[in-house]
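These notes are about the structure you will find just below.
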Amino acid sequence: MIRLYLGPLSLFSRKVEIALLEKGQAFERILVPFSQARGYEPRHPAVLAANPKRQVPVLVDGDLTLFDSTVIFEYLEEAYPRPALYPVGVHARAHCRLLELTADEILFAPVRNLLYRTEPPHPDAARQAERDRAGLEAESALRDQLAELDKRLAGGDFFCGDLSVADIALFMTVLFAQRLGGPALEKFPRLAAWYARLLQRPAFGAVAADIAAADRELSAALHR
């Protein structure tokens, strides 16, 4: 059986989890412990052995071990091609890959500057003010990017015709932007409708609920 090492609040792990669920593949979830104070330290030994970047996700399928969500996506599509999560055609697939990269490296860049919002206020007031300024700049950048994504959805339910890895990657980054207090989706009606549609799918809804539960657990731990 496939094994997936993932973190409760690892965006890139959850991408892979959604892909496995959408493909109907049985797999064992191995949840790597996470705390607000220490993050993922100490690192899980299987993750350290498999990934020189010391990060989840790590996927093990028989004697094959992979890391990096994009590499895992491409492997799953070739090993388990039905249902397909990439569109047909060289150009369409290239467009899909660019949208995944957009989610992971362009849209996520400002989201990263909102991660501090799940942490206690910084004891240094000047440092906290710097964080807040960066957060406001991140929100402005996100509004521009969300507006662009909203335009791309004109005339379609998904970004590449049918559900694809582009939708999975973009959904996860938009979800993180929402949970971190980023711009509300109400000003982007096509994007908001797309997001709501995906939440209705069992795979996406289950992952979103699991992340919300992890957030509640971390919040409770901070106030103990």
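Please treat every number below as a calculation from the coordinates, not as lab data. Note that this is a predicted model, so its numbers are computed, not measured. In this analysis, Cβ positions are derived from the backbone assuming ideal geometry, glycine residues included, and neighbour counts consider all displayed protein chains.
Listing Leu64, Leu11 from fewest to most neighbouring C-beta atoms within 10 Å gives Leu64, Leu11. The ranking of Asp61, Asp132 by Cβ neighbour count inside 10 Å, starting from the fewest, reads Asp132, Asp61.
Given the choices (i) 0.97; (ii) 1.03; (iii) 1.13, Cα Rg over 2.2 N^0.38 Å derived from the coordinates of this structure is entry (ii).
Of all beta bridges DSSP finds with both residues in the chain, what is the antiparallel percent, to the nearest 5? The partial results should precede the final answer.
Working: 9 of 14 bridges.
In the chain, approximately 65 percent of DSSP beta bridges are antiparallel ones.
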